[in-house]
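The values are calculated or read from the model by the stated rules, or taken from the named source; none is laboratory data. A quick note: this is a predicted structure, and the numbers were derived from the prediction, not measured. Ideal geometry is used to build each Cβ from the backbone, glycine not excepted, and the neighbour counts take in all protein chains shown. Accessible surface areas use protein heavy atoms only, side chains included; no ligands, DNA or RNA. Shrake-Rupley method; radii C 1.70, N 1.55, O 1.52, S 1.80 Å.
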Amino acid sequence: MPHVVVAGPLHPSGRARLDAAKDVTVTYISVTSEKSLAAEISDADAVLLRTQPMTAPTIAKGERLKIVSRHGVGYDAVDTDACVARGIKVSHTPDVLNGEVANTTLLLMLAGLRNFRHDEAWARSGDWEAKGGAPLSTSPDGKTIGILGLGRIGQEIADRLAVFNPTIVYHTRTKKDVPYTYYDDLVEMAKACDVLVCITPGGASTNKIVNKDVLEALGPKGMLINVSRGSVVDEDALIAALESGKLGLAGLDVFEGEPHIPDALKASERTVLLPHVGSATHETRAAMGALTVDNLLQWKADGTLKTPVPECAHL
């Protein structure tokens, strides 16, 4: 009988389906580190993983492990090479969160350009009565918006931005068949942008790809939005650019050392900050939980996955 370890919270609808599944033993654990995860999977056949890293040493602790079902679209924290070497299948939850992450991107852009943090405080403090109208803000209409990483979520963001009549430009490793202008140089694209949206996968190839040169190219009227991974942006360079005025605004849902957010970002009047809630709605988390459980149950039924990660699709 397969033993499934669920590491972290699962939406109640998904949990109910797992609990009702026949011939499966399910253990729910609350883990705060990879070390604590490693201690819990020695007899697991399957792991339902939330945000915890799963590196090769941890994977080695799961001597019976056959599947890692990742609750999320990003899986850069899972060592897929180590999994493939062991024949362990890895799944994730693409597509079901595209719309919500795109919604969060628009929320950050509007909050930054229209100065919502300041204006809400202006309304709540009584400054409207005492000092008159709030300062003018910036319209989102007709801007040039660069998308770093035009995958499925990036395309969804571009689609939803259409209401603002933007000029969309993009940077990826290879040019795509899309009706947007392609830049093979990220710095040059940043120079052309009013807003730069990061929605590229994490990992070594994109680590701090948004660096000092990119931020300064975006400029004192430009806005950076990051809804991908905190590792994509050089946080020290970001703080320096905001404090010096070389970058206008930043809207951030992810951070390099989250849940820690640097005090300088929290103190800045130029930032809009969210606690990694890009897909955090009841509806989307239910869909993500359902797909995570679908992968587990399909694996139990016939050994295949509904949404394998590309590296494991051949297993």
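Quick notes on this structure:
- Within segment 242-290, the GluC sites (Glu not before Pro) that combine a DSSP coil assignment with at most 14 other C-beta atoms in a 10 angstrom radius are 269.
- Overall shape: oblate for segment 1-41, with the ratio a/c of the largest to smallest alpha carbon gyration tensor axis at 1.5 or above and b/c at least equal to a/b.
- Put simply, the amide H of residue 272, placed in the peptide plane, has neighbours under 5 Å in 250, 251, 252, leaving out anything fewer than 5 places away on its chain.
- Rolling a 1.4 Å probe over the protein heavy atoms gives segment 32-168 an accessible area of 46 Å² per residue.
- Cβ charges +1 (Lys, Arg) and -1 (Asp, Glu), total dipole of segment 1-87, debye: 200
- Shape analysis of the chain places it in the prolate category; the axes a ≥ b ≥ c from the Cα gyration tensor give an a/c of at least 1.5, with a/b above b/c.
- Estimated inter-spin distance, residue 19 and residue 114, nm [label 7 Å along Cα→Cβ]: 4.1
- Cα-Cα over 30 Å, subset of 35/300; 175/208; 61/175: 61/175
- Shape call, segment 36-191: gyration tensor on alpha carbons, a/c limit 1.5: oblate
- Relative contact order (%) - criterion: Cα under 8 Å, at least six apart; region: the chain: 18
- Most positive-pole-ward Cα, 142, 44, 126, against dipole of the chain from beta carbon charges: 44
- Within the accessible surface of the chain, defined with a 1.4 Å probe on protein heavy atoms only, the carbon and sulfur portion equals 52 percent.
- The DSSP beta bridges internal to the chain are antiparallel in roughly 0% of cases.
- Kyte-Doolittle mean at least -0.5, axial Cα span of 24 Å or more - DSSP H helices of the chain: 282-302
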